[in-house]
Amino acid sequence: MSSVNLMAREVAAKIVFYGPGLSGKTTTLRKVYETVRPAHRGEMMSIATEGDRTLFFDFLPVKVERVGDCSVRLALYTVPGQVFYNATRKLVLQGADGVVFVADSQAEAMDANRESLANLEENLLENGIRLDRFPLVMQWNKRDLDNILSVEELRRELNPRGVPDFETAAANGRGVMDALKTITRLVIKDLRAKRIVPPPRPTQGETAPAGLEAQLSQHLHHRQPPAATPATSPTAATIAATPVPRTLTAPAPPRVEPAAVAMAPGAPGSKLLGPTSALAPGDLFDHARAAEAAFTAGDYTTCVTACTDAVRRAMAFAGEGSLAQQAFLLHVDGSDLLRLQGLSTLPQLRVDDAAFALYVLMQVFVRLNAVGLPTAG
């Protein structure tokens with residue numbers, strides 16, 4: 001599941017490249033890595049074996065400057081292709097927001113393509129996700145080789161749903177970025193439909209921002225990226241106007257993957273648990289420790305920022321919906337949430353502001369524990 005920081009108008013989305021062994025998944029990621037500007041890519045990690053060049057996964061975080069007025073960071077993964085690594089594929093697939101299925105266009109690979117696609121559908125279903133309702137792009141790879149099937153044959157066998165598909169040759173990069181642009185667009189559209197990514201804020205006297213293709217293409221040229229839109233916090237009127245659900249039955253909690261939170265400079269390396277980290281669920285433990293370390297170091301701004309981000313991630317365990325709906329389900333005081341959001345916009349903060357932020361975070365953790373969220377596994 002994607003992680004969202006509404007204060008910073010930033011979303012981190014996970015895209016998985018799926019397909020049979022040696023279909024070109026790792027080669028695709030390497031071509032993306034070579035294409036994206038160094039300033040906007042992270043380290044690419046890969047574990048190779050004799051039978052398949054990726055035993056576990058490749059991971060490549062790619063920064064996309066803006067979609068609308070939200071900053072987006074993509075985490076790109078691949079899975080091992082062989083059948084006997086299915087447990088690893090399930091693990092990598094958890095929390096995915098979209099999939100690029102990399103099919104081998106060679107005629108002799110059709111059975112492997114079918115098996116891998118059926119495996120993808122099965123593994124998603126175990127996570128409660130139907131493939132026909134999930135962002136998906138098909139990549140017909142190895143179009144530069146001989147003895148390949150026609151696109152019509154591949155579509156008939158592997159793409160009856162008619163999702164976007166692209167002819168690619170990962171070895172030379174043809175079509176790779178087009179597939180990435182499209183799956184990113186579908187993921188953002190899906191997150192907005194689920195009200196995970198907020199709609200763009202209207203602006204006055206300005207032209208509409210460039211589309212996703214223009215944003216991604218910025219990484220192909222050495223140009224200065226556009227300045228990010230200043231973040232604003234939701235007003236009390238906005239939250240009050242949000243319809244309140246009629247039932248206290250929360251939907252299945254999403255898996256929230258914690259992003260790294262920087263420890264405050266000069267923070268002591270004490271291993272003793274503070275009250276906030278002692279209450280934190282496992283997925284949010286590092287966020288709680290970072291907030292406590294910042295408070296101890298006297299960095300109250302970092303403390304409030306870490307608490308605000310941790311609260312947003314914690315509330316997401318109550319299911320999809322607005323902040324008001326999540327607060328209602330968890331019985332969290334909405335006025336405290338509004339005050340915390342307001343603090344995050346102030347230029348200077350005091351010790352009592354940071355202490356209040358820690359109090360709100362502990363309050364949310366207590367409510368999560370009371371209702372048994374997040375669930376194990």
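The values are calculated or read from the model by the stated rules, or taken from the named source; none is laboratory data. Keep in mind the model is a prediction, meaning the values are calculated, not measured. Heavy atoms of the whole protein, side chains included, go into the accessibility calculation; ligands, DNA and RNA do not. Shrake-Rupley method; radii C 1.70, N 1.55, O 1.52, S 1.80 Å.
Near the amide H of D165, within less than 5 Å, lie the amide hydrogens of M138, all on another chain or at least 5 residues away, with H placed in the peptide plane. The apolar share of the surface of the stretch 3-194, taken as the fraction of accessible area on carbon and sulfur atoms (1.4 Å probe, ligands and nucleic acids excluded), comes to 51 percent.
Shape summary: the stretch 281-371 maps onto an equivalent ellipsoid whose semi-axes, from the alpha-carbon gyration tensor, are 21, 14, 10 Å in decreasing order.
In this structure the stretch 281-371 gives 38 Å² per residue of accessible area when probed at 1.4 Å with all protein chains present. Histogrammed with a bin width of 10 Å, the alpha carbon distances of the stretch 70-193 distribute as 12, 44, 37, 7, 0 percent, first bin at zero. For V64, nonlocal amide neighbours, meaning residues 5 or more places apart or on other chains whose placed amide H falls under 5 Å from its own, are V72, R73, L74. When R114, R89 are compared by accessible surface with a 1.4 Å probe, the order from highest to lowest is R114, R89. Under 16 Å of direct C-alpha separation, and excluding same-chain neighbours fewer than eight residues apart, K142 reaches these lysines: K25, K31.
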